Amino acid sequence: MDMKKAEMDKAITSGTYGDWINDPVSGSANKNVYFYYRIHDEAPNMVFDPYSGNYVIQGSEPHRGEWYASTMGITAIIVMGAVAAVASFFAYRKAVRK
C-alpha cells in the first residue's frame, strides 16, 4: 500500500494523475488507493479541469473570469444582439404595413 501511495504522490506531482487513475490494467486498484488515502485526508482532492483536460488539486485552478468576458461569451452576446435586431426590424416592418 505504501508503494502505491508513493506511486500516487509521484503521479500527482508530475501531472500524470489522469493517466495513473485511468490506467486500463491497474486503474481500479489505483482508484481504491486514492479513495482510501482521500478518506483519511492524506491525499489532495483531485478534480477534473475541463479547460485544460487534466486533473488538478481543487483550489489550485486559475480563476478564468466571468463567462461574458471570454471570447465565446462576447461572440454569444454579439450574435444574440444581431438576431434581436433583425427580429425587431421585421416585426416593426410588419406592424407598419398594416
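Of the residues in segment 22-30, at least one is open to solvent by less than 70 Å² (accessible area, probe 1.4 Å), free of Cβ contacts under 8 Å to residues at least 60 places away in the same chain and either touching a Gly at 6+ places or on another chain (Cβ under 9 Å) or assigned to a loop (DSSP other than H, G, I, E, B) (or both).
Among the residues of segment 44-60, which ones are closer than 20 Å to Asp9 by Cβ, in a loop (DSSP other than H, G, I, E, B) and under 17 Å from the mean Cα position of the chain (by Cα)? Result: Asn45, Gln58, Gly59, Ser60. Out of all the residues in segment 32-41, is one or more assigned to a loop (DSSP other than H, G, I, E, B) and at pLDDT 90 or above? Among the residues of segment 32-41, at least one is assigned to a loop (DSSP other than H, G, I, E, B) and at pLDDT 90 or above, which makes the answer yes. Which one is farthest from Ile21 (Cα to Cα) among residues in segment 33-48 that are crowded, with 17+ Cβ neighbours inside 10 Å and in contact with a Phe, Trp or Tyr (Cβ under 9 Å, 6 or more places away or on another chain)? If we take residues in segment 33-48 being crowded, with 17+ Cβ neighbours inside 10 Å and in contact with a Phe, Trp or Tyr (Cβ under 9 Å, 6 or more places away or on another chain), then Ala43 is farthest from Ile21 (Cα to Cα).
Determine whether Gly81 is without any contact (Cβ under 8 Å) to a residue 24 or more places away in the chain, part of a loop (DSSP other than H, G, I, E, B) and farther than 30 Å from Ala6 by Cβ. Considered against the rule, which asks whether it is without any contact (Cβ under 8 Å) to a residue 24 or more places away in the chain, part of a loop (DSSP other than H, G, I, E, B) and farther than 30 Å from Ala6 by Cβ, Gly81 comes out as no. Number of residues in segment 8-21 that are loosely packed, with under 14 Cβ neighbours inside 10 Å and either more than 17 Å from the chain's Cα centre (by Cα) or farther than 15 Å from Gly53 by Cα (or both) equals 3. Does at least one position in segment 59-82 carry a residue that is of a type in the set (D, E, K, R) and touching a Gly at 6+ places or on another chain (Cβ under 9 Å)? There is at least one residue in segment 59-82 that is of a type in the set (D, E, K, R) and touching a Gly at 6+ places or on another chain (Cβ under 9 Å).
The values are calculated or read from the model by the stated rules, or taken from the named source; none is laboratory data. Bear in mind that the values here come from a model prediction, so they are computed numbers and not experimental data. Quick reminder, even Gly has a Cβ in these numbers, built from the backbone with ideal geometry, and neighbours come from all protein chains shown. SASA here: full protein model, heavy atoms, side chains in, ligands and nucleic acids out. Shrake-Rupley method; radii C 1.70, N 1.55, O 1.52, S 1.80 Å.
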